[in-house]
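What follows is a set of notes on a single structure, which appears directly below.
The values are calculated or read from the model by the stated rules, or taken from the named source; none is laboratory data. Predicted model, so just to flag it, every value in this text is computed and none were measured. Glycine also receives a Cβ, built like all others from the backbone with ideal geometry; neighbour counts cover every protein chain displayed. Heads up: the accessible areas ignore ligands, DNA and RNA and are worked out on the full protein's heavy atoms, side chains in. Shrake-Rupley method; radii C 1.70, N 1.55, O 1.52, S 1.80 Å.
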Amino acid sequence: ASAQFQLTVPVAVVFAPGSVPGDLPRPLPFRDVREMKNSVNLRTSITSRYETVYRSTTAQEEAALDVATAREADAALSPLQDASLGSLTVFVVPETSSLLPQGISVYVGKHRSALVRARGGLAALRTRLQQLTQVMSFTASSIATALSDRVPDGQLGPDARRHLKSSLGYEITFSLLNPDPKSHAVDWDIEDAVNRYVQPVLDKLSLVANFSVDSQILYYAVLGVTPRFDKESSSFLLSAHSLPHVINPVEARLGSSAASLYPVLNFLLYVPERSHSPLYIQDKDGAPVSTNAFHSPRWGGIMVYNVEAPASSQASLPLHVDVDMVRVMEVFLAQLRLLFGLSREELPPEFLLESPGNEGLADWELDRLLWAHTVENVATVSTTLTSLAQLLDKIGNIVIKDDVASEVYRAVASAQSAMAKLATGHLYSAFQASKEAVTSSERAFFDPSLLHLLYFPDDQKFAIYIPLFLPMAVPILLSLAKIVREARQRKKEPTKMD
């Protein structure tokens, strides 16, 4: 199925007094449109269209910029700017401005705006704008990753298969693994930690999908690999190449994904048994991993939590362990961001990105996710409906019910609507339409009336029915033959004349 995507990003470039370059082509305000085209494969292409408005600051914006730090300016400008999803506002401040720290020429806030130090003419500013749109909206690689099913493997980056596929919902399970309850009585306040650290992130991501969170404690659950003892550090080590083998035996105990409609993310906190403590994870080069954790693409993450040995060997067992949830949640949230493809990319040194704070992700990071998921959803609908059409072609005598047909029509209409909204720069409504398209296409594809087992090819029908009817047919056919014979006999016998 071919797809020509056009993604339109509305950008406002706002000049503060004293920052207007001398080589503007015409007086402010004016509009400018720039397009870039990328081919994903022979039948799928992406056109990025940046519709830019150049204008001067309003009195309110000028007042908002008259503060001491970039962070304060970002907070003050946020209520004044276009808050629609997918839009960007870039404020150009004079070269001498003290808003930006020394050596920093671009500041990306936690909403949908950035501050840029005026330097050079319009060409230099356009280069900055291009860098900013790559950071704050989407890149060719982030869209290619969303379309990873259509892209030849060689063209994908190493992280392409790490991200979770777009789904209408996700289930998150936090598990505490205590393989040695005789030695360790482990307490973790998971409910408070989820409310404090995870929920704000999920509230922000609720636009993207529905989330459910649960937790469990598993006793006597051991890792599938025996760690190696290292004499020098008198500790136990798990090497990078053995990490994939750790997950399978543990996963058998988790038991959450079997009954789940949605992808399950597993976050495991492992307290090593006393005989294997302390336990450290090594990277490929043999160096210890600072977080003592690792993650598995599209699956989740595991963190090893070492318990300090008691000072006296006479200490009574089991030892009471209170888990430091701040340290644990920092690791799990970083892994959650990685799984959603929200990891921060390498930036030029003069860029400064504001920390998203308690919410876990900035508004523009949410937009990045929505751009990618909208494109992925439309591609998924196209693939699903193509598969459905191929199935219907193969089975000539299949019956399409009205409700299945209407779901197919709805899926096509919603996918077309999503494409149209992307082309006009309405990211939120494009994403909603793409979700509706996925729901309708899956309802149609998985409708019980389309089970191909219900429809047999003609040769199978004969194979099934002949053994049933042949035993009954034999006496009937013999009787018919007898009747025909007798009728012929009667014709041959001459009629008796008295």
*Return the pairs, sorted by first residue and then second, in which the second residue is in a helix (DSSP H, G or I) and surrounded by fewer than 18 Cβ atoms within 10 Å (Cβ to Cβ), the first residue lies in the stretch 332-358 and is touching a residue at least 60 places away in the same chain (Cβ under 8 Å), the beta carbons are less than 8 Å apart, and the residues are 6+ apart or on different chains.*
SER343/ARG337; PRO348/GLN131; PHE351/GLN131; GLU354/ARG71; ASN358/PRO200
_First in the stretch 264-277 and under 17 Å from LEU254 (Cα atoms) and among the polar types (S, T, N, Q), second anywhere and surrounded by fewer than 20 Cβ atoms within 10 Å (Cβ to Cβ) and modelled with pLDDT of 85 or more, Cβ under 7 Å, 6 or more apart_ = ASN266/TRP299
*Can you tell me which of VAL198, VAL208, VAL222 is in a loop (DSSP other than H, G, I, E, B), surrounded by 15 or more Cβ atoms within 10 Å (Cβ to Cβ) and modelled with pLDDT of 85 or more?*
VAL208
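For the condition loosely packed, with under 11 Cβ neighbours inside 10 Å and either in contact with a His (Cβ under 9 Å, 6 or more places away or on another chain) or not β-branched (Val, Ile, Thr) (or both), what is the one hit in PRO471, PRO457?
Values: PRO457 fails: loosely packed, with under 11 Cβ neighbours inside 10 Å.
PRO471 is the lone residue from the list that is loosely packed, with under 11 Cβ neighbours inside 10 Å and either in contact with a His (Cβ under 9 Å, 6 or more places away or on another chain) or not β-branched (Val, Ile, Thr) (or both).
Of all residues in the stretch 179-195 being closer than 15 Å to MET325 by Cβ and in contact with a Phe, Trp or Tyr (Cβ under 8 Å, 6 or more places away or on another chain), which is surrounded by the most Cβ atoms within 10 Å (Cβ to Cβ)?
Looking only at the stretch 179-195, we keep the residues that are closer than 15 Å to MET325 by Cβ, and these are 186-195.
With in contact with a Phe, Trp or Tyr (Cβ under 8 Å, 6 or more places away or on another chain) added as a condition, the list becomes 190, 194.
Values: ILE190: 22, VAL194: 19.
Looking at residues that are closer than 15 Å to MET325 by Cβ and in contact with a Phe, Trp or Tyr (Cβ under 8 Å, 6 or more places away or on another chain), I get ILE190.
Filter the stretch 231-248 down to residues that are surrounded by 12 or more Cβ atoms within 10 Å (Cβ to Cβ), over 26 Å from PRO318 (Cβ atoms) and not aliphatic (A, V, I, L, M), then give me how many there are. If you could, list the steps in order and put the result at the bottom.
The first filter runs over the stretch 231-248 and keeps only residues surrounded by 12 or more Cβ atoms within 10 Å (Cβ to Cβ), leaving 235-240, 242-247.
Checking which are over 26 Å from PRO318 (Cβ atoms) leaves us with 239-240, 242-245, 247.
Adding the requirement that they be not aliphatic (A, V, I, L, M) leaves 239, 242, 244-245.
Residues that pass the stated criteria total 4.
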*Quickly run through the stretch 395-412 and pick out the residues that are in contact with a helix residue (DSSP H, G or I) (Cβ under 8 Å, 6 or more places away or on another chain) and open to solvent by 50 Å² or more (accessible area, probe 1.4 Å).*
VAL399, ILE400, LYS401, ARG410, VAL412
*When you scan the stretch 249-355 for strands (runs of 3 or more DSSP E) that lie fully inside it, which ones turn up with 1 or more residues that are open to solvent by 70 Å² or more (accessible area, probe 1.4 Å) and either among the aromatic types (Phe, Trp, Tyr) or closer than 30 Å to LEU132 by Cβ (or both)?*
279-281
*Members of the stretch 23-66 that are in contact (Cβ under 8 Å) with a residue 40 or more places away in the chain and polar (S, T, N, Q)*: ASN38, ASN41, THR44, SER45, THR47, SER48, THR52, SER56, THR57
*Out of the residues in the stretch 137-177 that are at pLDDT 90 or above and open to solvent by less than 10 Å² (accessible area, probe 1.4 Å), which is farthest from VAL198 (Cα to Cα)?*
LEU177
*Checking TYR409 against (1) part of a loop (DSSP other than H, G, I, E, B); (2) modelled with pLDDT of 95 or more, which single condition isn't satisfied?*
(1)
*Selection within the stretch 160-216 - of a type in the set (A, V, I, L, M, F, W, C) and within 23 Å of VAL378 (Cα to Cα)*: ALA160, LEU164, LEU168, LEU205, LEU207, VAL208, ALA209, PHE211
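Go through the stretch 441-453 residue by residue and tally those that are free of Cβ contacts under 8 Å to residues at least 40 places away in the same chain and open to solvent by less than 100 Å² (accessible area, probe 1.4 Å).
The first filter runs over the stretch 441-453 and keeps only residues free of Cβ contacts under 8 Å to residues at least 40 places away in the same chain, leaving 443, 446, 448, 451, 453.
Filter again for open to solvent by less than 100 Å² (accessible area, probe 1.4 Å), leaving 448, 451.
Summing the residues that are free of Cβ contacts under 8 Å to residues at least 40 places away in the same chain and open to solvent by less than 100 Å² (accessible area, probe 1.4 Å) in the stretch 441-453 gives 2.
Condition test on ASP82, is it at pLDDT below 90 and either within 33 Å of the chain's Cα centre (by Cα) or aromatic (Phe, Trp, Tyr) (or both)?
Numbers: at pLDDT below 90: yes; either within 33 Å of the chain's Cα centre (by Cα) or aromatic (Phe, Trp, Tyr) (or both): yes.
Here the answer is yes, as ASP82 does meet what is asked.
Out of the residues in the stretch 254-308 that are of a type in the set (Ser, Thr, Tyr) and closer than 19 Å to LEU339 by Cα, state the one that is nearest to the chain's Cα centre (by Cα). Explain how you work it out, then say what you get.
The initial filter retains those residues of the stretch 254-308 that are of a type in the set (Ser, Thr, Tyr), namely 256-257, 260, 262, 270, 275, 277, 280, 290-291, 296, 305.
Subset that is closer than 19 Å to LEU339 by Cα: 256-257, 260, 262, 291, 296.
Details: SER256: 19, SER257: 17, SER260: 17, TYR262: 12, THR291: 24, SER296: 14 Å.
Residue satisfying both the conditions and the ranking: TYR262.
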*asked:* Exactly one condition in (1) under 30 Å from VAL116 (Cβ atoms); (2) of a type outside the set (Val, Ile, Thr); (3) at pLDDT below 85 is false for PHE340; which is it?
replied: (3)
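Quick one: which of VAL53, VAL9 is over 30 Å from THR380 (Cβ atoms), assigned to a strand (DSSP E or B), hydrophobic (A, V, I, L, M, F, W, C) and under 34 Å from the mean Cα position of the chain (by Cα)? Break it down into steps so the answer makes sense when it comes.
Details: VAL9 fails: over 30 Å from THR380 (Cβ atoms).
Among VAL53, VAL9, only VAL53 is over 30 Å from THR380 (Cβ atoms), assigned to a strand (DSSP E or B), hydrophobic (A, V, I, L, M, F, W, C) and under 34 Å from the mean Cα position of the chain (by Cα).
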*Output the residues belonging to the stretch 29-41 that are among the hydrophobic types (A, V, I, L, M, F, W, C) and either closer than 14 Å to PRO10 by Cβ or open to solvent by 50 Å² or more (accessible area, probe 1.4 Å) (or both).*
VAL33, MET36
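Quick grid of which residues meet (1) among the acidic types (Asp, Glu); (2) open to solvent by less than 40 Å² (accessible area, probe 1.4 Å); (3) under 30 Å from HIS426 (Cβ atoms):
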{"position": "ARG43", "(1), (2), (3)": "no, no, yes"}
{"position": "TYR54", "(1), (2), (3)": "no, yes, yes"}
{"position": "GLY86", "(1), (2), (3)": "no, yes, yes"}
{"position": "SER97", "(1), (2), (3)": "no, yes, no"}
{"position": "LEU100", "(1), (2), (3)": "no, yes, no"}
{"position": "ILE104", "(1), (2), (3)": "no, yes, no"}
